[in-house]
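Read the structure below first, then the notes.
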Amino acid sequence: MKITAIVGSNSKHSANRKLLQFMSRHFDDQDITVADIDQVPMFNENYPGGDPQPVIDLAQQIEQSNAVIISCAEHAHTVASSLKSVLEWLSYNLHPFANKPVMIVSVSSFPQGGSRAQMTLRQILNSPGVNAIAWQGDEFLLGNGDTAFNDHGDVKDEGTVKFLDKCFAEFITFAERNNAK
Amino acid sequence: MKFAAIVGTNADFSYNRILLQYMKKHFKQLADIDVLEINQLPAFDQDLPYEEQSMAVWQFKQAVKNADGVIFSCPEYDHAIPAALISAIEWLFYNPKNILEQKPTMVVGVSYGTQATSRAQEQVRQILASPDCNAAVQAGHEVLVGKAAQSFNKDGNITDQAAVANLEESFTSFVKLTDALSKQTEEDNLMTLKQPFVNDAYINFPTGRLSFKEAQQIFSTIPFEIDLIDRNDRFAWFSDKPNREHVRHVNEINETVDECHPPKALPAVKAIINSFKDGSRDMVERPLIMHGHRTLIQYYALRDVDGSYLGTIEFTGSVEHIISLFENGAFADVTTGASKHGDDAATSETSADATSAASEETGAPVDDAADGAAKAKADADDTDATTSASKED
């Protein structure tokens, strides 16, 4: 299955990128491509010249994927503005998320692992403008992100990896069931 | 009372902007509302070092910091707060410090539909109440203006009287909340925590004593304003002089040097402070034009009697009055006067440069004035030092 994995932060040091890179290596039976969003400008409905190229490229990549994973950072109990900006672009002229299965994961420096940002993100994905099909059931929340990875960028804790395996398997089943392609 | 009202979108046209402009007009008797835009702000970037933050970010943060309270007018995009507003809030709390801490905040919103941004407003409150922001969020009142196209007339006024009444009630309540929070004094806080505090006292100097009130009023009266950066590089105090050249705000107290200067001015400021700390300089001065008049800024190393560094004071004032005195021959007269007093005429002749002349002048007349005052005291007919000083003239 072709999957676009969106890093939900424009920070160069985001642990959410690490998680997605780990997932793309770990789940090598699926075709996971990690997509950065730091080239996407702040959404503005009066942006000169229509949708900027990084938005068009990302939209196309999502269109051509069977499913999407978003790993969201949490700032002040909500999603990062950089991720929200991407979702606004992709619910404006282009709507690549429409009926696309989406898995939400998150890493944060605190023990909660971004639980509140996940709730907000789910609400946004369910809004009529975005109209994604957000997978629900288990929640993968990786806390204490600063110490969760080893030097190779792998998730250290075996129990955590096992739980991620379970979540991902459920999501793949869900995505297959909900996939038009 | 002064409020910063943030337009929660970067769009060219927004009813949320019109709502804030309406509030500014409608409540002008009650409060001073400053409508702030966010479309000039760059997208938030947590990797950007503080020194590289733009002037637009700094000015936005200053405006919010120096307001007594903040109003957020928030549109709703995809059932949530717009990215541009999240980004603006991220700038406010992230680096170098959270300036929303304990700030009274009110959330309002307008939408074309009937939901009137109810979901986005809840998110703004959730964000403002998070430990990252820790703002004092107004609860119990909601300003939800739906059906925007019908709710406003072409002059930007709200036509629905029930909506106006709700807005008035909500804003009045917000003003009360802001007022209550601002009246909480340091003493109140100490009393709450069962800590003792000093209410009035004298400062005893080797040369006499001043009440706290006198000390404060002296600083407010002298024609130069003073700012103090303490030895820990924190903005500790400024003199409460009317019509200051540099407008300071109590919210800036205790900020680090980094926080209270625009990033681009920092290297020069730090160079001055470092030269005071290492003892290579004691004073730096900058004559310049400020607010249309000639102004002298002098930075002095504030040193303890043993010479150790206590801080940096910035001494600023208009010199127009002094220059005009000079141009009208004032100092020529004083020099003549001084040479009359002085036995040694050669001393005043050698004082060619202004600095040494000034120090010569302070040497002689001050002693004279003190003598004069002592004499006056002895005669018991004149206890006013000012009068005896003017006698010297």
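The values are calculated or read from the model by the stated rules, or taken from the named source; none is laboratory data. It should be emphasised that the depicted structure is a prediction, and the values quoted were computed from it without experimental measurement. When we count neighbours, we look across all protein chains shown, and the Cβ atoms used for this are built from the backbone with ideal geometry, even at glycine.
Data overview
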| item | result |
| --- | --- |
| Any hit, the range A:4-15, residues being away from chain B (no Cβ under 14 Å), touching a Cys at 6+ places or on another chain (Cβ under 7 Å) and not β-branched (Val, Ile, Thr) | no |
| Of residues in the range A:45-65 being touching a residue at least 12 places away in the same chain (Cβ under 8 Å) and within 14 Å of chain B (Cβ to nearest Cβ), the one nearest to A:Asn178 (Cα to Cα) | A:Val55 |
| Exclusive hit being touching an Asp or Glu at 6+ places or on another chain (Cβ under 9 Å), surrounded by 12 or more Cβ atoms within 10 Å (Cβ to Cβ) and modelled with pLDDT under 60, set B:Ser356, B:Ser351 | B:Ser351 |
| Candidate set from the range B:226-253 (those that are surrounded by 15 or more Cβ atoms within 10 Å (Cβ to Cβ) and polar (S, T, N, Q)); member that is farthest from the chain's Cα centre (by Cα) | B:Ser239 |
| Enumeration of residues in the range B:115-138 that are of a type outside the set (Gly, Ala, Ser) and part of a loop (DSSP other than H, G, I, E, B) | B:Gln115, B:Thr117, B:Pro131, B:Asp132, B:Cys133, B:Asn134, B:Gln138 |
| Residue satisfying all of: in the range B:1-53; out of contact with any helix residue (DSSP H, G or I) (no Cβ under 8 Å at 6 or more places or on another chain) and among the polar types (S, T, N, Q); farthest from the other protein chains (Cβ to nearest Cβ) among these | B:Gln29 |
| Selection from the range A:97-116 of residues that are over 19 Å from B:Gln123 (Cβ atoms) and within 14 Å of chain B (Cβ to nearest Cβ) | A:Phe97, A:Ala98, A:Val102, A:Ser109, A:Phe110, A:Pro111 |
| Residue within the range B:156-179 that is within 14 Å of chain A (Cβ to nearest Cβ) and either aliphatic (A, V, I, L, M) or touching a residue at least 24 places away in the same chain (Cβ under 8 Å) (or both) present | no |
| Subset of the range A:66-83 (residues that are of a type in the set (A, V, I, L, M) and within 7 Å of chain B (Cβ to nearest Cβ)) | A:Ala76 |
| Helices (runs of 4 or more DSSP H) fully within the range B:203-295 counting 3 or more residues that are out of contact with any strand residue (DSSP E or B) (no Cβ under 7 Å at 6 or more places or on another chain) and either outside the structural domain of B:Ala67 (by TED's automatic domain parsing) or under 21 Å from B:Asn98 (Cα atoms) (or both) | B:212-221, B:266-277 |
| Test: residue in the range B:191-199 that is surrounded by 12 or more Cβ atoms within 10 Å (Cβ to Cβ) and touching a strand residue (DSSP E or B) at 6+ places or on another chain (Cβ under 7 Å) | no |
| Check on B:Glu122, among the acidic types (Asp, Glu) and within 14 Å of chain A (Cβ to nearest Cβ) | yes |
| Residues located in the range A:129-146, provided they are touching a Ser or Thr at 6+ places or on another chain (Cβ under 9 Å) and part of a loop (DSSP other than H, G, I, E, B) | A:Gly129, A:Val130, A:Asn131, A:Glu139, A:Gly143, A:Asn144, A:Gly145, A:Asp146 |
| Among the residues listed as B:Ala88, B:Ala80, B:Ala4, the single one being small (Gly, Ala, Ser) and more than 20 Å from B:Glu122 (Cβ to Cβ) | B:Ala4 |
| Residue in the range A:169-176 that is under 20 Å from A:Phe22 (Cβ atoms) and either within 14 Å of chain B (Cβ to nearest Cβ) or among the acidic types (Asp, Glu) (or both) present | yes |
| Tabulated pairs, the range B:5-22, first closer than 23 Å to B:Ala43 by Cβ, second acidic (Asp, Glu) and outside any loop (DSSP other than H, G, I, E, B), C-beta under 8 angstrom, 6+ apart or interchain | B:Ala5/B:Asp34 |
| Unmet criterion (only one of (1) surrounded by fewer than 24 Cβ atoms within 10 Å (Cβ to Cβ); (2) under 13 Å from B:Leu19 (Cβ atoms); (3) among the aliphatic types (A, V, I, L, M)) for B:Ala162 | (2) |
| Members of the range B:288-309 that are over 22 Å from the mean Cα position of the chain (by Cα) and surrounded by fewer than 14 Cβ atoms within 10 Å (Cβ to Cβ) | B:Asp304, B:Val305, B:Asp306, B:Gly307, B:Ser308 |
| Of residues in the range B:77-98 being in a loop (DSSP other than H, G, I, E, B) and crowded, with 24+ Cβ neighbours inside 10 Å, the one nearest to the other protein chains (Cβ to nearest Cβ) | B:Asp78 |
| Candidates A:Gly113, A:Gly143, filtered to the one that is touching a Pro at 6+ places or on another chain (Cβ under 6 Å) and crowded, with 17+ Cβ neighbours inside 10 Å | A:Gly143 |
| Residues (in a helix (DSSP H, G or I), surrounded by 15 or more Cβ atoms within 10 Å (Cβ to Cβ) and aliphatic (A, V, I, L, M)) located in the range B:139-159 | B:Ala148 |
| All strands (runs of 3 or more DSSP E) inside the range A:7-125 with 3 or more residues being under 19 Å from B:Asp78 (Cα atoms) | A:67-72, A:101-107 |
| Matching residues, the range B:41-74, being among the polar types (S, T, N, Q), surrounded by fewer than 17 Cβ atoms within 10 Å (Cβ to Cβ) and in a loop (DSSP other than H, G, I, E, B) | B:Ser54 |
